[in-house]
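Enquirer: One structure is given below, represented as structure tokens, and several questions about it will come after.
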Amino acid sequence: LVAFGPGGVLAELIGAAAFRLAPLTSVDAKELVQAGKAGRLVPGFRGAPAADAAALADLLHRLSALAEDLPEVAELDLNPVIALPDRCVAVDARIRIEPTTPRRSPKTW
């Protein structure tokens with residue numbers, strides 16, 4: 001599951017994170033960046049400069065790929081991600097790893 005929403009005090013104030021199931025398509029990532037109240041902040045709000053929406057979508061797409069490639073990553077939280085006009089920067093990360101157990105196929109043939 002990949003989420004996109006406000007962090008810090010904005011999470012408490014406006015909340016409303018948007019979610020999509022991994023693996024994300026390019027359309028999914030773009031929709032997440034545009035979704036909800038957090039999505040209204042991306043193009044610039046009340047005189048603030050627009051954030052790099054393509055960089056944010058790319059970050060979400062890469063996180064989705066990481067989740068697919070590394071199933072032992074049970075949770076990954078990037079907070080804050082600072083969205084700038086020409087890039088985005090993850091300032092802090094919290095990752096929880098869990099050992100994966102091999103899945104047995106229900107088919108015996």
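Enquirer: Filter the stretch 1-12 down to the residues that are open to solvent by less than 80 Å² (accessible area, probe 1.4 Å) and part of a helix (DSSP H, G or I) and list them by number.
Expert: Across the stretch 1-12, the qualifying residues are Gly8, Leu10, Ala11.
Enquirer: List the residue pairs whose Cβ atoms are under 8 Å apart, where the first residue sits in the stretch 81-100 and is within 21 Å of Gly44 (Cβ to Cβ), the second is assigned to a loop (DSSP other than H, G, I, E, B) and acidic (Asp, Glu), and the two are 6 or more positions apart or on different chains.
Expert: Ala83/Asp52; Leu84/Asp52; Pro85/Asp52; Asp86/Asp52; Arg87/Asp52; Cys88/Asp52
Enquirer: Here is a follow-up. Given (1) in contact with a strand residue (DSSP E or B) (Cβ under 9 Å, 6 or more places away or on another chain); (2) modelled with pLDDT under 95, where does Phe45 come up short, assuming only one miss?
Expert: Failed condition: (1).
Enquirer: Would you mind listing the helices (runs of 4 or more DSSP H) fully within the stretch 13-109 where at least 1 residues are open to solvent by 40 Å² or more (accessible area, probe 1.4 Å), farther than 15 Å from Val2 by Cα and among the charged types (D, E, K, R)?
Expert: By residue number, 36-41.
Enquirer: Test of understanding: among Ala65, Ala57, Ala90, which residue is touching a helix residue (DSSP H, G or I) at 6+ places or on another chain (Cβ under 6 Å) and of a type in the set (Gly, Ala, Ser)?
Expert: Result of the check over Ala65, Ala57, Ala90: Ala57.
The values are calculated or read from the model by the stated rules, or taken from the named source; none is laboratory data. Here the structure is a predicted model, which is why all the values come from computation and not from measurement. Backbone-built Cβ (ideal geometry, glycine too); neighbour counts: all protein chains shown. The accessibility values were calculated without ligands, DNA or RNA, using every heavy atom of the protein model including side chains. Shrake-Rupley method; radii C 1.70, N 1.55, O 1.52, S 1.80 Å.
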